[in-house]
Structure formats: structure tokens, C-alpha cells
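Worksheet: one structure, shown below.
The values are calculated or read from the model by the stated rules, or taken from the named source; none is laboratory data. As the structure is a computational prediction, the values presented were derived from the model and not from experiment. Cβ placement follows ideal geometry from the backbone for every residue including glycine, while neighbour counts extend to all protein chains displayed. Note: areas computed on protein heavy atoms with side chains; ligands, DNA, RNA excluded. Shrake-Rupley method; radii C 1.70, N 1.55, O 1.52, S 1.80 Å.
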Amino acid sequence: MADKGLELARLERALGYVFQDAGLLAAAVTHSSFANETDGGGTHNERLEFLGDAVLSLCISSELFARFPDAREGDLTRVRSQLVNAVFLADLARAIGLDDHLRLGRGEENQGGRARDVLLGDALEAVLGAVYEDGGVAPVRELVRRLFAGRWPRTLSREFRKDFKTQLQEIIQQKYRERPTYTLNASHGPEHAKLFEVCARLPDGRIFVALGPSLKRAEQEAARIALLALHATPE
């Protein structure tokens with residue numbers, strides 16, 4: 001228990017926020033796969049993720065509203081979707097070392113779950129939900145400002161482009177009302193030069209495989225290949 005407490009304290013320092021109820025932070029870093037392997041089940045982060053998703057959207061919307069007083073609703077919506085996509089959030093999660101603090105089940109761990117962008121993005125949202133539950137909206141706003149420092153767009157021009165995964169998701173959701181899914185097939189090579197093999201699967205059954213020097217890059221490459229196959233030129 002002491003070690004667990006020390007680990008959570010380290011994460012609190014990275015967040016710049018000390019919890020009154022440390023159990024909320026413990027729940028936020030606990031994946032359902034870990035809880036399912038615990039006798040009788042246990043608390044995991046899905047409910048906090050649900051809450052954190054809404055809180056993050058509010059904080060991002062408020063910040064963009066203040067930064068760009070003359071912007072149109074459509075431009076604000078476009079940029080907000082870019083700032084809360086899984087790849088972007090996963091980068092923020094890694095920047096504070098959240099990946100090191102996740103509690104995963106053995107199966108999820110063995111399948112590379114700790115490196116998955118979606119899982120990391122969900123965990124970051126869960127942490128934001130936990131901060132909201134513990135201290136209200138003010139500390140969440142401050143945390144979001146710190147996390148996104150240096151990452152806010154200076155302009156809402158079209159130069160703020162959507163990444164390949166976001167482009168593909170928008171096309172697939174419009175066509176099928178579903179999202180593409182990404183699976184880590186394998187990793188190859190030594191640790192210092194590892195390549196990740198990722199499979200992107202569309203709702204119609206088509207599969208696109210790509211390699212990359214990181215899980216994120218491999219997913220982006222698979223999405224790019226899928227966009228070309230759909231005759232949608234990647235931006």
C-alpha cells in the first residue's frame with residue numbers, strides 16, 4: 001500500500017494537484033481489465049472517463065471561446081475536435097508519465113495496452129473526471145491550461161489540419177455510424193529500433209496494415225493508407 005501511495009503522490013506532482021480523496025485518482029488509473037482480474041471485481045475508470053470527457057470538452061470550449069472571440073462556431077468545433085482526439089490526448093498523457101501509472105490486467109498489458117493511444121486518452125479523461133469530483137471545475141480548468149500550454153493554436157485557419165486518424169474517423173462515422181478500430185498485431189526488432197505493426201479495421205470488414213516506429217505513428221500510417229483506399233486524399 002505504501003508503494004502504491006508513493007506512486008500516486010508522484011502522479012499528483014506531475015498533475016500539480018493533490019487529491020483530498022486519493023481513491024479517486026487510484027480509480028482513474030485502473031483499467032477495467034485490472035478490475036476484472038480482481039476477486040469479486042473492483043472499481044475502474046470508465047465512469048470517471050465518461051465524466052472527464054464532458055469536463056474536458058467544457059474546458060476546451062471555454063478556452064477557445066476566450067482566445068478567439070470573433071471565431072465562428074464551426075471553426076471552434078473543428079479545432080476542439082482536434083484537441084480532444086485520442087492521439088493528442090495520448091501525447092499529453094505520456095508527457096506527464098500517466099502511462100507508467102496505469103493498472104492493467106495481464107492480458108491487456110501483454111497486448112501492448114500501455115502504449116495504446118485510445119487507452120491513454122481515456123485514462124487522461126478519467127483523471128480529469130477525478131479532479132473534477134475531488135475539487136470542482138476550477139482545478140480542472142487550471143490543469144487543462146497547464147497540460148495544453150504551448151499546444152493551443154495561434155489561429156483557427158485551415159493550417160491547423162486534422163491528423164489521418166481524425167480524417168478517417170469522420171468519413172467512417174458519416175458513412176457507417178461507427179468508428180474504425182486499431183489493433184496492435186506485433187512488434188519487431190530490438191528495443192532501440194522497434195517497429196510496431198498495426199491493423200486498422202473498417203466496419204465493412206476491410207483491413208489495412210502498417211508499420212511505424214511507435215504505436216501512434218503506425219496507427220496514423222494505417223489510417224493514411226485507408227484514406228487512400230477510400231479515394232479520400234489525406235490532407
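Peptides 118-126, 12-20, ordered by how many other C-beta atoms sit within 10 Å of their residues on average, highest first, read 118-126, 12-20.
Note on surface exposure: His44, His231 rank His231, His44 by accessible area, highest first, 1.4 Å probe. With protein chains left intact and a 1.4 Å probe, residues in region 121-235 average 54 Å² of accessible area per residue.
Restricting things to alpha carbons, find the Rg to Rh ratio for the chain using the Kirkwood radius for Rh. If you can, show how the numbers build up before the last one.
Values: Rg = 18.4 Å, Rh = 18.9 Å.
Computed over Cα atoms, the ratio is 0.98.
Residue-wise HN-Hα couplings along region 168-183, as the Karplus relation 6.51 cos²θ - 1.76 cosθ + 1.60 with θ = phi - 60° gives them from phi, are 5, 4, 5, 5, 5, 5, 5, 7, 10, 6, 9, 10, x, 10, 10, 10 Hz; Gly and Pro carry x.
If you count Lys pairs in the chain whose Cα atoms are under 27 Å apart, skipping same-chain pairs closer than 8 places in sequence, the total is 8.
Size of region 51-165: Rg and Dmax of its alpha carbons, in Å, are 14.9, 50. The modelled label-to-label distance for the pair Leu228/Glu191, using points 7 Å beyond Cα in the direction of Cβ, is 3.4 nm. By accessible area, using a 1.4 Å probe on protein heavy atoms only, the chain has 50% of its surface on carbon and sulfur. Spacing of the modelled spin labels on Asp91 and Asn36, each 7 Å from Cα toward Cβ, amounts to 3.1 nm. In loop segments of region 158-222 as defined by DSSP, the chymotrypsin sites (Phe, Trp or Tyr not before Pro) with at most 14 further C-beta atoms inside 10 Å of their C-beta are Phe160. When the Gaussian network model of the chain links Cα atoms closer than 10 Å, the mean-square fluctuations of Ala28, Ala66, Ala222 top out at Ala66. Evaluate the relative contact order of region 108-213 (contact order divided by residue number), counting alpha-carbon pairs under 8 angstrom at least 6 apart; express in whole percent. The value is 14 percent. Just to be sure I understand: with springs between alpha-carbon atoms less than 10 Å apart, which residue in Pro69, Pro203, Pro139 has the highest mean-square fluctuation in the Gaussian network model of the chain? Largest GNM mean-square fluctuation: Pro69. Normalised by the number of residues in the chain, the mean separation of alpha-carbon contacts (under 8 Å, six or more apart) gives a relative contact order of 18 percent.
Annotation: peptides 103-110, 184-191, ranked by per-residue average of other Cβ atoms within 10 Å with the highest first, follow the order 103-110, 184-191.
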